[in-house]
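Reading through the structure tokens given below for one structure.
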Amino acid sequence: MTETKLQPGDAAPDFSLPAADGGAVSLDAFRGKRVILYFYPAAMTPGCTKQACDFRDNLNLLTDEGFVVLGVSKDKADKLVKFVERDALTFPLLSDPGLEVHKAYGAYGAKKLYGKEVVGVIRSTFVIDADGKIEQALYNVKATGHVAALKKKLGLV
């Protein structure tokens, strides 16, 4: 199974997905802003909670620098509502249970898990520029320390 991986300069695949708040979020609504789009395996698991809380705790800095943060998982919206409420998450979480957007970004496919090759969600983060182009495509990121490393890559520390 070979997946297409996005590269800097590629057009970011557009999407419209249901959000935990009951609305829908489309990437094209953020033209003119830089977007941090991150894909995580499952709401309310330890690693995904750590990553989401790191984004929450750094949201003011990211927003002040002109970024919008969007999290995407295969979870249904009702589970995302519980995740938002439990951890006081303050940015949109989007539901992609059919994995169409995951696959468009190369965030679903073969990966190593405990030394075995499996097929699943690849923890990935994309920085999308104001024109809708991929600025950074980061695959197989670690949940812990990821936001700090991303801030460094973006020159925010």
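Taking the criterion of being within 23 Å of ILE122 (Cβ to Cβ) and among the charged types (D, E, K, R), the residues of the stretch 1-38 that qualify are GLU3, LYS5, ASP10, ASP14, ARG34. For LEU70, the test of being at negative phi and in contact with a Pro (Cβ under 6 Å, 6 or more places away or on another chain) is passed.
Among the residues making up the stretch 101-121, a single one is surrounded by 13 or more Cβ atoms within 10 Å (Cβ to Cβ) and without any contact (Cβ under 8 Å) to a residue 60 or more places away in the chain: LYS111. The C-beta contact set for the stretch 30-59 (first residue on the phi > 0 side of the Ramachandran plot, second residue surrounded by fewer than 15 Cβ atoms within 10 Å (Cβ to Cβ) and not in a helix (DSSP H, G or I), distance under 7 angstrom, 6+ apart or interchain) comprises GLY32/ALA130. Taken together, THR63, THR4, THR45 contain a single residue that is touching a Gly at 6+ places or on another chain (Cβ under 8 Å) and β-branched (Val, Ile, Thr), which is THR4.
In the stretch 122-151, the residues that are over 17 Å from LYS74 (Cα atoms) reach residues that are among the β-branched types (Val, Ile, Thr) and surrounded by fewer than 16 Cβ atoms within 10 Å (Cβ to Cβ) with C-beta atoms within less than 6 angstrom, at least six apart or across chains, in these pairs: LYS151/VAL157. Here the condition is being of a type in the set (D, E, K, R) and farther than 23 Å from ASN140 by Cα; of LYS50, LYS33, it holds for LYS33 alone.
Just the residues that are among the basic types (Lys, Arg) and at pLDDT below 95, please, taken from the stretch 80-137. Reasoning before the result, please.
Residues of the stretch 80-137 that are among the basic types (Lys, Arg), as a first pass: 82, 86, 103, 111-112, 116, 123, 133.
LYS111, LYS112, LYS116 - these are the residues of the stretch 80-137 that are among the basic types (Lys, Arg) and at pLDDT below 95.
Does the stretch 107-151 hold any residues that are in a strand (DSSP E or B) and either closer than 14 Å to PHE67 by Cβ or charged (D, E, K, R) (or both), and which are they?
LYS111, LYS112, LYS116, GLU117, THR125, PHE126, VAL127, ILE128, LYS133, GLU135, GLN136
Within this structure, LYS74 passes the test of being crowded, with 18+ Cβ neighbours inside 10 Å and either over 17 Å from ALA148 (Cβ atoms) or touching a helix residue (DSSP H, G or I) at 6+ places or on another chain (Cβ under 9 Å) (or both). Going residue by residue through the stretch 123-137, is there one that turns out to be aromatic (Phe, Trp, Tyr), out of contact with any His (no Cβ under 6 Å at 6 or more places or on another chain) and surrounded by fewer than 16 Cβ atoms within 10 Å (Cβ to Cβ)? Checking the stretch 123-137: not a single residue is aromatic (Phe, Trp, Tyr), out of contact with any His (no Cβ under 6 Å at 6 or more places or on another chain) and surrounded by fewer than 16 Cβ atoms within 10 Å (Cβ to Cβ). Apart from one condition, ALA43 fits all of (1) hydrophobic (A, V, I, L, M, F, W, C); (2) touching a strand residue (DSSP E or B) at 6+ places or on another chain (Cβ under 7 Å); (3) closer than 19 Å to LEU138 by Cα; the exception is (3).
The values are calculated or read from the model by the stated rules, or taken from the named source; none is laboratory data. Predicted, not measured: the structure shown is a model, and the values here were computed from it. Here Cβ is always computed from backbone atoms with ideal geometry, including for glycine, and neighbour counts include all displayed protein chains.
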